[in-house]
Amino acid sequence: MSDAAQSDAARSDAARSDAARSDAGQIYPLGLQVTGRLVVVVGGGPVAARRVRSLLDAGARVRVIAPHVVLGEQGIPVASETPDPVDGEPAPGTVQWVRREYRTGDLDGAWLAHTATGSAATDQQVADDAERARIFCVTAGDASVGSAWVPAVARTTLTDGAEVTVAVTAGRDPRRARAIRDAVAGQLQSGALPLRRQRARGGATPGRVWLVGGGPGDTGLLTARGRAVLAQADVVVVDRLGPRALLDELAPEVEVIDVGKTSGNHPVPQHEINALLVQHARAGRDVVRLKGGDPYVFGRGGEELAACRDAGVEVEVVPGVTSAVSVPAAVGIPVTHRGLARGFSVLTGHDGAATVPGGPDHTLVLLMGVTHLADTAAALITADRPADTPAAVVEDGYGPRQRVTVGTLATIAARAAEAGVKPPAIIVVGDVVRLSPAWPVP
Ligand code: SAH
């Protein structure tokens, strides 16, 4: 070709790529399988390094062309170094570094090109060469140069093993894309998105069970993991305590089974709850057993876990914020405090509280203790734990009826009766009660 013909050809190539760009219109989103395929990255700075890392994660053969690279500093090993790419292709999942400036021809054999050289002219050159060779090219500097865009990506694995990939582009504003991606990722983690499987499980695949600690009742005190599995459940088995407001957010198809225990009202017996969990999981449904507080703190979580295991049903425990620690905190009582309490015990109010050793510097937290409060308080008075040891009853922690009543072991039962204290409530005994704003100023 003569020089004139060559520059004509170059002009028409440039015109074609300009046309391709101005015609860009909507992008066509696509997921690429780059495993084992050659991808050429031009440039060796931090942006290039980020691209290299995700290409390696995807199993690509990566060739980096740059006089200098920061790959090593970023913990990315360079498998081979060569002055010229004709020396052979990098192995899948490894990096070959061509240590020099970019030259036309370096994209030969590539399925995809990335350019992030910091030089607009070089990036333009790479983009033009890629266009001619019909190789898609991502340009880091100016998104209008080049034929492909890297979206901001968030990935998560759902409870049934499904991989969700969210890829966001936002015009030519990658920061905005990342901000949107972060928001979506947060919602994926928090269970705010409808993650439930829509397609029935094939064949006889059983479902699974999650024993989820729901915290003391406030929806904000359920863990992110708890929320995420709740958002994927087919069946939710609930108690009276725990974050029941979350049930309103469930999709209408989710079956909610209330095994709640109310005073005087007969609860569903434990063996029937166990059987329900197993039966639904065996029918292929994912079951969340949403419990108050933590499943293992007077929650019979261990029994439910054993029942599932015995039946061969897969089960996971998602710990929760126990009321034993959080409900005292709701009224300003820390269960331990330097100089006041060096430890704490959690007991039920029904039995044996009086046998727990320790004085006012060992905090006692009693659950389910309202009915027998008078007997318990009397029994707790010992030589070590005098009658003037501070005590508090905290009702409905984090709920609309939250209230704290304070007194001493000698007076708390009468004060609670006067106030008409009702379950659910937590009783705290020990010097830490003095830290509550409700404690009378002496
Ligand atoms: N697994 C739960 C405890 C279940 S036993 C946990 O870790 O919190 C039920 C008892 O917990 C109730 O009788 C009461 O003593 C206490 N409780 C649970 N939630 C409460 C709340 N929001 N306010 C006060 N007490 C609560």
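Descriptive notes on the structure:
- Kirkwood-based shape ratio for the chain, expressed as Rg/Rh from alpha carbons: 1.19
- Derived scalar couplings ³J(HN,Hα) [the range 421-433; Karplus, 6.51 cos²θ - 1.76 cosθ + 1.60; whole Hz; x for Gly, Pro]: 4, 10, x, x, 8, 10, 10, 10, 10, x, 5, 4, 4
- The smallest convex shape that holds all Cα atoms of the range 130-287, its convex hull, gives 137 Å³ per residue.
- For a modelled paramagnetic label at E81, 7 Å from Cα along Cα-to-Cβ, the residues of the range 39-58 in reach, with backbone nitrogen under 17 Å, are 43-45.
- The mean accessible area for residues of the range 348-442, using a 1.4 Å probe and ignoring ligands and nucleic acids, is 45 Å² per residue.
- Residue-by-residue Karplus 3J(HN,Hα) for the range 382-392, coefficients 6.51, -1.76, 1.60, Hz, glycine and proline x: 9, 4, 6, 10, x, 4, 8, 4, x, 9, 9
- Environment charge of V64, counting only residues whose C-beta is closer than 12 Å and scoring Lys/Arg +1, Asp/Glu -1: +4
- Separation of the A374 and D248 label points, Cα + 7 Å toward Cβ, nm: 3.9
- Unit Cα scatterers, Debye sum, the range 325-435: log10 I(q)/I(0) for q = 0.13, 0.20, 0.21, 0.24 Å⁻¹: -0.38, -0.97, -1.08, -1.46
- Estimated FRET transfer efficiency (A419, L193; beta-carbon r; R0 45 Å; 0.05): 0.55
- Rounded FRET efficiency, nearest 0.05, which uses the C-beta distance separating V256 from A354 and R0 of 45 Å: 0.65
- Label point of Q270 set 7 angstrom out along Cα-Cβ; within the range 305-337, amide nitrogens under 17 Å from it belong to 305-311.
- Note that the range 62-135 presents 51 Å² accessible area per residue, ligands and nucleic acids not counted, probe 1.4 Å.
- The length gained on full extension between R434 and A179, counted as 0.36 nm times the residue separation minus their Cα-Cα distance, comes to 87.2 nm.
- Kirkwood hydrodynamic radius (C-alpha pairs) into Stokes-Einstein, the range 81-200, 4 °C and 1.567 mPa s, D in µm²/s: 76
- FRET E, pair T156, H337, Förster distance 45 Å, beta-carbon r, rounded to 0.05: 0.70
- Accessible surface of the chain [probe 1.4 Å, protein heavy atoms]: carbon and sulfur percent: 53
- Taking R199, R401, R342 as the candidate residues, the one with maximal mean-square fluctuation in a Gaussian network model of the chain, Cα springs under 10 Å, is R199.
- Volume per residue of the C-alpha convex hull in the range 165-235, rounded to whole Å³: 108
- For the range 149-230: accessible area per residue (Å², 1.4 Å): 55
- Residue of S147, S54, S345 that the Gaussian network model of the chain assigns the largest fluctuation, springs spanning Cα pairs under 10 Å: S54
- Rg and Dmax of the range 208-321, Cα atoms only, in Å: 12.6, 35
- Highest mean first, the peptides 176-189, 425-438 sorted by other C-beta atoms within 10 Å per residue fall in the order 425-438, 176-189.
The values are calculated or read from the model by the stated rules, or taken from the named source; none is laboratory data. Note that the coordinates shown come from a computational prediction; the quantities given were computed from them, not determined experimentally. Quick reminder, even Gly has a Cβ in these numbers, built from the backbone with ideal geometry, and neighbours come from all protein chains shown. Just so you know, the surface numbers come from the protein's heavy atoms only, side chains and all, with ligands and any DNA or RNA stripped out. Shrake-Rupley method; radii C 1.70, N 1.55, O 1.52, S 1.80 Å.
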